[in-house]
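Take a look at the structure set out below.
The values are calculated or read from the model by the stated rules, or taken from the named source; none is laboratory data. Predicted, not measured: the structure shown is a model, and the values here were computed from it. Here the Cβ positions follow ideal geometry from the backbone for every residue, glycine too, while neighbour counts run over all protein chains shown.
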2 protein chains.
Amino acid sequence: MKKRILPLISAGFLLINSYAFAADVKPAPNGLQLPENYKDWKIISQSHRIDNKTMRIIIGNEKAIEASRNGKTNPWPKGAILGKLVWKQKAEENWPTAIAPDKFVHAEFMFKDSEKYTETGGWGYARWLGMDQKPYGKNKQFSQECFACHTPVKDRDYVFTTPVSLP
Amino acid sequence: MKKRILPLISAGFLLINSYAFAADVKPAPNGLQLPENYKDWKIISQSHRIDNKTMRIIIGNEKAIEASRNGKTNPWPKGAILGKLVWKQKAEENWPTAIAPDKFVHAEFMFKDSEKYTETGGWGYARWLGMDQKPYGKNKQFSQECFACHTPVKDRDYVFTTPVSLP
């Protein structure tokens, strides 16, 4: 019997969330959950924000990586998840003219689903703060803040990041 | 018979190189070959070199990732490979106070094997330039240049990069 029940349970999870998530981390106020194993995702790009002295590595789940490496990012495909890992900056200890990541600030994500996230341009937004991964936002309205900030790049499917060139 | 021959051939390859490599890219002058699928490796850190206006993502093979995520990096374990992907910098088009990667410059690697790379501190060095991945260096002496530059961080097992903090 066990063998029959397991696929049914899995199918149930697929209906709720089409990605595996970290069950030990609280969901964001809009219900989005922290993707599991996001720290092992492949690279899309990086950036260095001079304005708030932070450094970012932009990573993606398999759907996002496939799209980014094949130039299929406008629009990004359904199911793509983009992740941004953010650290405070510091001078590289042994190479003073380089800047490197210091303390971890947060991990933030965009989940693409045009049918599901109609109120925020087809993307679900979520962010988890600090090393203890506290969900960001007081209530589900927090995603309007994310959406507003991303609206200037509406013609890039609301995404600031350009995937890096790779051989 | 076929079934018996294949493991022997594989064992032979393992004696030459203990990693899968991109056979269509020329080896470095010291014989090191470009690791296959390095673009899919997981992240270790990033940096922004103000001195030569380049940005880097530092990645690693599975051995390196396991070590970096468990703080076992002094020394790094045998078989660890560190990769550095380097791009010229540019202002982020839609966020002018951010700096983002522009043209791809090169991919460079450090291969850890204390018994093999005795002349260069236990690491083999190699670099492939540009989108056409041309091996760097006129002859095998080029690695002395890499080694000299890394010698100031001898007490960090010759590695400048500190793995990022992650939750």
Q. Is region A:16-37 home to any residue that is surrounded by 14 or more Cβ atoms within 10 Å (Cβ to Cβ), within 22 Å of B:Arg56 (Cα to Cα), at pLDDT 95 or above and not hydrophobic (A, V, I, L, M, F, W, C)?
A. no
Q: Give just the number: which of (1) farther than 20 Å from A:Met55 by Cβ; (2) in contact with a helix residue (DSSP H, G or I) (Cβ under 9 Å, 6 or more places away or on another chain) does A:Thr151 not satisfy?
A: (2)
Q.
Can you find, within region B:82-104, the residue that is farthest from the other protein chains (Cβ to nearest Cβ) among those that are surrounded by fewer than 18 Cβ atoms within 10 Å (Cβ to Cβ) and touching a Lys or Arg at 6+ places or on another chain (Cβ under 6 Å)?
A. B:Lys88
Q | Any chance B:Ser18 is assigned to a loop (DSSP other than H, G, I, E, B), out of contact with any Phe, Trp or Tyr (no Cβ under 8 Å at 6 or more places or on another chain) and in contact (Cβ under 8 Å) with a residue 24 or more places away in the chain | A | yes
Q.
Can you find a residue that is outside any strand (DSSP E or B), over 19 Å from B:Ile50 (Cα atoms) and at pLDDT below 95 anywhere in region B:133-140?
A. yes
Q) Given the conditions (1) surrounded by 19 or more Cβ atoms within 10 Å (Cβ to Cβ); (2) free of Cβ contacts under 8 Å to residues at least 24 places away in the same chain; (3) among the polar types (S, T, N, Q), which single one is not true for B:Thr161? A) (2)
Q: Mind listing just one residue for me: the one in region A:52-67 that is buried (at least 24 other Cβ atoms within 10 Å of the Cβ) and more than 11 Å from chain B (Cβ to nearest Cβ) and, of those, nearest to A:Phe21 (Cα to Cα)?
A: A:Gly60
Q | Selection from region A:27-48 of residues that are at the interface with another protein chain (Cβ under 7 Å from one of its Cβ atoms) and among the hydrophobic types (A, V, I, L, M, F, W, C) | A | A:Ile43
Q: Those residues that are within 23 Å of B:Tyr38 (Cα to Cα) and among the basic types (Lys, Arg), I need them from region B:119-167; list them, please.
A: B:Arg127, B:Lys134, B:Lys140
